[in-house]
1. Answer with yes or no whether Lys315 is under 24 Å from the mean Cα position of the chain (by Cα) and not assigned by TED's automatic domain parsing to the domain that holds Leu65.
2. Determine which member of the set Asn277, Asn224 is under 16 Å from Leu306 (Cβ atoms) and either touching a Gly at 6+ places or on another chain (Cβ under 6 Å) or surrounded by fewer than 17 Cβ atoms within 10 Å (Cβ to Cβ) (or both).
3. Kindly establish whether Phe349 is over 24 Å from the mean Cα position of the chain (by Cα) and at negative phi.
4. Before we move on, is Asp191 surrounded by fewer than 18 Cβ atoms within 10 Å (Cβ to Cβ) and of a type in the set (Asp, Glu)?
5. List the number of the failed condition for Ser215; all other conditions in (1) surrounded by fewer than 19 Cβ atoms within 10 Å (Cβ to Cβ); (2) closer than 30 Å to Thr121 by Cβ hold.
6. For region 200-259, name all the residues that are among the basic types (Lys, Arg) and under 22 Å from the mean Cα position of the chain (by Cα).
7. Being in contact with an Asp or Glu (Cβ under 9 Å, 6 or more places away or on another chain), touching a residue at least 60 places away in the same chain (Cβ under 8 Å) and not small (Gly, Ala, Ser) is the filter here; which residues of region 69-79 pass it?
Amino acid sequence: MFRTTFLSYEPSFLSKKEIQDPFIVLKKTYKHLPNCEPIIDDCWDLWTIAFRENYWMNYVSPRALYEKCLKILRLLDAGWLISKIRPASISKGDVIIKGFNPKSEKIIENDFGEVAKAYKTIHNSYSQSTRFDLGFDLYNAFYQGLMPTSINFQDLLEESVYSSFKEITSLISALFTVYRSEIGTKRTSKDKVSLNLYTKYALDLDIPQFSYYDSIDDMFEAFNKQQFFSIIKYLASTSCCNSFWKNNGNPANVLYYVEELQFIMEIMWSYLKDKGNKIEKYKWEIPEDEIKETKFVPQAAIENPLMYLTEEFTKKDLSHRRNDLHNWRLATLDNKWYNADSHKEIEQFLYCVVEVANLLKYKS
């Protein structure tokens, strides 16, 4: 999320089916809960680790904390979608405060019902210029709590620590109230039309998960080819080690490394889509020593590495590659042992993506 643009809200963590009915997400989150306190506690856990050094080690694994964060990010996305279709049955006059009257001895506010108040909280929050900053603040609190040494956003955390936590927990509470009020109801035809406008952002579509403010020129801004290779090798060793995080620190670095790998994968995919058939006409002048060092693009494909990468994305599209990377991230953050072959395919594919990206400088 660190390379994501915040110009507008784009739901980034939901499937197409969930975008078409965001109440599915609410049901998954609240179904077995008597109230919203356990979810607020999850949020508090993420803020707690941000301000207590190495406190993350008191949890089962960094993965457990990541799943708490992801659950709330998905809830924030669902809330934004619900704000686009609700409350359909409550008139605007029912949810606004009466105008100020200087002759009145006291200001009287409308006595909203519980559900109306919940919708008012949701609309007031999401009607601000952008609400994706809440998701970033949540993720950043989680990230800082895992003690990063690679890249640090401590200053941003300190700016928003109180206000963001307060607003996110207010939304968690409001969405619980809305969920309870909507049990048994179905989406109307109007709901479906409105929600279908946002399915273009679905996580299971063949598109990048985020809108990036960086471009293909920035792929090696953080790490060069050999450093990326070292990262992939490190991630592979992490996921194959039992109880790795019982004896090792700074799991935030794993988050950052995986984000950089996802960025380079999605930017390369976008580049291929943007260039289309033009890539067949590119000429390549790759030095012999570079060809000898190329290990993950077959020699038969070295005449046009972009064509080879296109074929690899045809075999398995971006959404499935991204899901493979997500599962690998979970494994690297876990304290369980995973067979070395479990994530071999995405590992080899990322080596290939990095290698092709590094060869772009030789095309004309």
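The values are calculated or read from the model by the stated rules, or taken from the named source; none is laboratory data. As the structure is a computational prediction, the values presented were derived from the model and not from experiment. As a convention, Cβ positions derive from the backbone with ideal geometry for all residues, glycine included, and neighbour counts pool all protein chains shown.
1. no
2. The match here is Asn277.
3. No.
4. No.
5. Checking Ser215 against (1) surrounded by fewer than 19 Cβ atoms within 10 Å (Cβ to Cβ); (2) closer than 30 Å to Thr121 by Cβ, the one that fails is (2).
6. Lys200
7. Selection gives Cys69, Ile72, Arg74, Asp77.
Conditions tested, residue by residue: (1) over 30 Å from Phe244 (Cβ atoms); (2) surrounded by 17 or more Cβ atoms within 10 Å (Cβ to Cβ); (3) at pLDDT 95 or above.
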position: Leu318; (1), (2), (3): no, yes, yes
position: Asn339; (1), (2), (3): no, no, no
position: Cys352; (1), (2), (3): no, yes, yes
position: Ser364; (1), (2), (3): yes, no, no
